[in-house]
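This report concerns only the one structure given below.
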Amino acid sequence: MAEPVEVAEKIMLKFAYETGLTSNLKPRRYLWTDAFAVCNFLELHRRRPDMNYLQLALKLVDQVHYILGRHREDDSRRGWISGLGEEEGFKHPTRGGLRIGKPLPERKPDEPYDEVLEWERDGQYYHYLTKWMRALNNVSKATGNTTYRVWAIELAKTAHRAFVYTAPNGRKRVYWKMSIDLSRPLVPSMGLHDPLDGLITYMELSTNALEGRELSLHSEIRDLEEICLGMDWTTNDPLGVGELLCCAYILAKLISRGGYEGMDLLIRVLNEVLLSLELSLATGFLELPAGMRLPFREVGLSIGLKASQRLLSIIEASEMLKRYGEAYSLAKSLANYRWVADRIESFWLNPSNMRSSSWSKHKDINMVMLVTSLIPEGFLGFTRV
């Protein structure tokens, strides 16, 4: 069997060609997928090293900004969705947020809400924007170019202003989906893990903080800490469990480096992610045939389980973290589920399962997230190359 990095190279080069990054095909950009893809190219560059992979990562960032940072071709509006002029838009491509990249135009103000159709309509998702913040931050770390971190922080501030609001009961909440111009919510409900995801992403961006009050995220972090108080993050969704595992890993990393005093939060997350993992496995999804499974959601769990291995290593290497026996015990329990990641990867690397409708229907996101599971350091974090 080929080494993971060899499989990853083959898949990512195919993705780059088929989505118009290295071919004359019309570019097919989708923010969530492309965030993981950028990180994968960075990791391939770190492992080889091959400057071509770094150039692909940087080219993909530029293409995402120029396509998803601007209005759709079928929209009467033109230019950057931030409203900035061409020159300023190029300097600050994330100031207006970034479109999802869905196939259908966003719902107009006078159109009735259709729950099924809304999944195919464009707009902006908070949890997609946080993934892009991480991708930009990782590019900054990999290249030493702080411009990418500035773009990530500008995106964080834009997203926070638009998505975070105060409900009639006085509690702050986070809209799940906003219009392209961020003027109105398209889906007002709150994603289960969005506040936690945002909090940890902001904290990551705040480490080695850049100078200037306009680049500070202190008030935004306080808002999300308030929202996270008393929340229950338990889920049986494999992707949701994977997201929680990644959050726990990053949180532990921040604590171990003195960047955040959040042991209570870490222990809460670890307790709820262990319960969530057991609930997810109890659904029996691992026993279903390929056509009845959602690859990218399962692979999201696999990525999280790879993070749990690194989480245990961080705790074991930190005398301070090891003193918290509950966190150490929970991390050891989670690390015992590595077999689930191995089983998911081997299932979706099987060519016959890749021929299923469930794989082909979401091929781009399935390909890219499978690679992230195979070589997760690019997404989870690495040192400068």
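The values are calculated or read from the model by the stated rules, or taken from the named source; none is laboratory data. All figures in this text were calculated on a predicted structure; none of them were measured in a lab. Because the Cβ atoms are built from the backbone with ideal geometry, glycine has one as well, and the counts that use them run over all protein chains shown.
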(request) Would you be able to tell me the number of residues in segment 302-346 that are under 22 Å from residue 375 (Cα atoms), buried (at least 16 other Cβ atoms within 10 Å of the Cβ) and not small (Gly, Ala, Ser)? (result) 14
(request) Scan segment 274-283 and give yes if some residue there is under 17 Å from residue 236 (Cα atoms) and not in a helix (DSSP H, G or I), otherwise no. (result) yes
(request) Within segment 342-377, track down each residue that is in a helix (DSSP H, G or I), of a type in the set (Gly, Ala, Ser) and either over 20 Å from residue 6 (Cα atoms) or in the same structural domain as residue 137 (by TED's automatic domain parsing) (or both). (result) 357, 358, 360
(message) For segment 315-334, check the following and say yes or no: at least one residue is touching an Asp or Glu at 6+ places or on another chain (Cβ under 8 Å), modelled with pLDDT of 95 or more and within 20 Å of residue 231 (Cβ to Cβ).
(response) no
(request) Could you tell me which residue of segment 89-119 is nearest to the chain's Cα centre (by Cα), considering only residues that are touching a residue at least 40 places away in the same chain (Cβ under 8 Å) and surrounded by fewer than 17 Cβ atoms within 10 Å (Cβ to Cβ)? (result) 118
(message) Can you tell me which of (1) more than 29 Å from residue 273 (Cα to Cα); (2) of a type in the set (A, V, I, L, M); (3) crowded, with 20+ Cβ neighbours inside 10 Å is the one residue 215 doesn't meet?
(response) (3)
(request) State whether one or more residues within segment 137-145 are over 18 Å from residue 31 (Cβ atoms), assigned to a helix (DSSP H, G or I), in the same structural domain as residue 110 (by TED's automatic domain parsing) and more than 19 Å from the chain's Cα centre (by Cα). (result) yes
(message) Out of everything in segment 1-20 that is free of Cβ contacts under 8 Å to residues at least 12 places away in the same chain and part of a helix (DSSP H, G or I), what residue ends up being farthest from residue 55 (Cα to Cα)?
(response) 6
(request) Pairs only if they're at least six apart or on different chains, beta carbon under 7 angstrom, first in segment 146-157 and at pLDDT 95 or above, second of a type in the set (Lys, Arg) and surrounded by fewer than 21 Cβ atoms within 10 Å (Cβ to Cβ); list them, first residue then second. (result) 154/95
